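Note sheet for the following structure.
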Amino acid sequence: MKTRLSMIAAAVSLFFAANAAMALTIAPTFFKVKGDDAKVMITALENSGLQEQSSIESSFFQADEAFCENSTRLKTCQFSVGGGLFVATDVDDTDAFIKVLRKNAALSRAVEGGRRWELRNLECSTRFDLVKRQLVSTCTFEQ
């Protein structure tokens, strides 16, 4: 009986250890995009019809998640806002957006005839830098 209990305890601890290890391997990766690349992403978001928001210091776009596909038959990026409302970009904006994702080493997975990028917590902003005396554009997203 004692041996059986110790085996069950070992199995339970092994189960929790495996779950903890899996959680570590799928931790989100954050990317930061600056300058011209961020401007490209902001243009794609503007052209998708996503609503721009404003704060005292900056204006910004925010999407819950984004799905971009680049294949022989399909080139599209869609952005989910407010838990389900999707807006899409056109082909030129999609190509530009995907180039920025590739340049920043964002991970993609193979789909039929192409690649697919899945992003979360996408946020792009433009603010005026008082020191540099110019607009500064940045985007961050999680994968």
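The values are calculated or read from the model by the stated rules, or taken from the named source; none is laboratory data. Here the structure is a predicted model, which is why all the values come from computation and not from measurement. Neighbour counts are summed over all protein chains in view; Cβ atoms, including those assigned to glycine, are modelled from backbone coordinates with ideal geometry. Please note that ligands, DNA and RNA were not included when accessible areas were found on the heavy atoms of the full protein model with its side chains. Shrake-Rupley method; radii C 1.70, N 1.55, O 1.52, S 1.80 Å.
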- Task: Show ASP64, ASP37 ordered by accessible area, largest first, where the area counts protein heavy atoms only and the probe is 1.4 Å.
- Result: ASP64, ASP37
- Query: Between PHE128 and SER80, what is the FRET efficiency for a Förster distance of 22 Å, r being their Cβ-Cβ separation, to the nearest 0.05?
  - Reply: 0.15
- Task: Return the subset of LYS34/LYS99; LYS34/LYS75; LYS39/LYS75; LYS99/LYS132 for which the Cα-Cα distance in this structure is over 18 Å, preserving the input order.
- Result: LYS34/LYS75; LYS39/LYS75; LYS99/LYS132
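May I ask you to rank GLU69, GLU46 by accessible area, largest first, using a 1.4 Å probe over the protein chains only?
Largest accessible area first, the list is GLU46, GLU69.
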